[in-house]
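Asks: Starting off with a structure, shown below.
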Amino acid sequence: MQKLVNQTYQLAGNAVESFRKQLILDEKREATIQKYTHDVRRFLSYHGKQTVCKEDVIQYKAWLAEHYAVRSTNSMLIALNQFLRFQGAGDCCVKPLKVQRQTFCDKKKELSQAEYFRLLEAARRNGDMRLHLAIQTICATGIRVSELAYITVEAARLGRAIASNKGKSRIILIPKELCRNLLDYARERGIQDGPIFVTRGGRTLNRSNIWNAMKRLCKSAQVGPEKVYPHNLRHLFARTFYKKEKDISRLADILGHENVNTTRIYVVSSGAEHREQLESLHLTVPYQAACQNQEQHNDTLCRSALD
């Protein structure tokens, strides 16, 4: 039987909820589940129909490309493709946009160490030691914001935590001074065991809690809001580690990356250091000096001709 090029598929009324339950069974992280279901709902809202064909998805892909960055578009397409396969509509899956490897990042979005320390100081001045320590923990260990839940009193005593993600586990090493800070904070707050970063109601802090709290520090810390978000702390850790150790494979292990190419994205800088390296080569000469040398050469040629 000849395969239909643009076959139409019926989407179930409870498709998103069924997809969410499947993601739970697949042991996806809570942050991943929320993102995938959000991305699928975005498509369904745009599409507005209970049927779908590949032409519909191609049009949606083009719309995303017009309104979002390449990486954002591709992340949404990954979620949508997985949803379509779950619905038995794998024929409708589309290819991701091609990503040109970045040599340098936008300096406006690169968080410096000085800015990081200003954020810490701003949190301390505000009396928010929980946020002060949360920022410090992410940046000093390179963990994901969702992995703060694994930073427990027990982990601080041991100097390491075990994070589980996608059915795999990795060890997170915690610097000694950070361990002391965490245990002092837990002691002051009466936290005897379990997660250290919790709300007043005892729930683990989530990405939204920390994101919003960090944004409120921007003005007093004098740091641009486009630089201030939890994941940028992870990037600062990666750049700092790589600058010191120059070991991309080890960094990939620490960050929990299976592919070193993913890690390379984290160590991309604004190019300031590269510019300094170019300047230090001293392979240029002043333009005026070059012109003067040419004039002297021309004078010499003229005198030789007259002689």
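Every read-out reported here was derived from the displayed coordinates using simple, explicitly stated rules and does not represent laboratory data. In this text the structure is predicted, and so the values were computed from the model without any measurement. Reconstructed Cβ throughout: ideal geometry from the backbone, glycine too, with neighbour counts over all protein chains shown.
Asks: Can you tell me how much longer the chain between Glu66 and Leu173 gets when fully stretched, taken as 0.36 nm per residue apart minus their C-alpha distance, in nm with one decimal?
Replies: Fully extending the segment from Glu66 to Leu173 adds 34.3 nm.
Asks: For segment 119-134, in order, what is each residue's ³J(HN,Hα) by Karplus, 6.51 cos²θ - 1.76 cosθ + 1.60 with θ = phi - 60°, in whole Hz (x at glycine and Pro)?
Replies: 5, 4, 5, 5, 5, 5, 4, 6, x, 9, 6, 5, 5, 3, 6, 5
Asks: Where does the charge balance sit around Lys227 when Lys and Arg score +1, Asp and Glu -1, over other residues with C-beta under 9 Å from its C-beta?
Replies: -1
Asks: Now for a separate question. Amide H to amide H under 5 Å from Val198: which residues, 5+ apart in sequence or cross-chain, H placed 1.01 Å off N in plane?
Replies: Result for Val198 returns Leu205.
Asks: Asn6 versus Thr204, label points 7 Å from Cα toward the beta carbon: distance in nm?
Replies: 4.6 nm
Asks: Shifting gears a bit: For the residue pair Arg85 and Leu25, what label-to-label distance in nm results when each label sits 7 Å from Cα along the Cα-to-beta-carbon direction?
Replies: It works out to 1.5 nm between the two label points.
Asks: Between Asp253 and Trp211, what's the calculated FRET efficiency when r is the beta-carbon distance and R0 is 30 Å? Round to 0.05.
Replies: That pair, Asp253 with Trp211, gives E of 0.65.
Asks: Under 5 Å between amide H atoms, partner at least 5 residues away or on a different chain: which partners does Tyr9 have, H built in plane at 1.01 Å?
Replies: Amide H to amide H, under 5 Å and 5 or more residues apart or across chains, Tyr9 pairs with Val52, Cys53.
Asks: Can you tell me how much longer the chain between Ser164 and Lys98 gets when fully stretched, taken as 0.36 nm per residue apart minus their C-alpha distance, in nm with one decimal?
Replies: Here the segment from Ser164 to Lys98 would lengthen by 20.7 nm.
Asks: Pull up all non-local amide H partners of Ile172: gap of 5 or more, or a different chain, and H-to-H distance under 5 Å with H placed in the peptide plane.
Replies: Ala161, Ile162, Ala163
Asks: Tabulate in residue order the Karplus-calculated ³J(HN,Hα) for segment 66-74, using 6.51 cos²θ - 1.76 cosθ + 1.60 with θ = phi - 60°, rounded to whole Hz; enter x for Gly and Pro.
Replies: Computed from phi, the couplings for segment 66-74 are 7, 10, 9, 5, 4, 5, 5, 4, 5 Hz.
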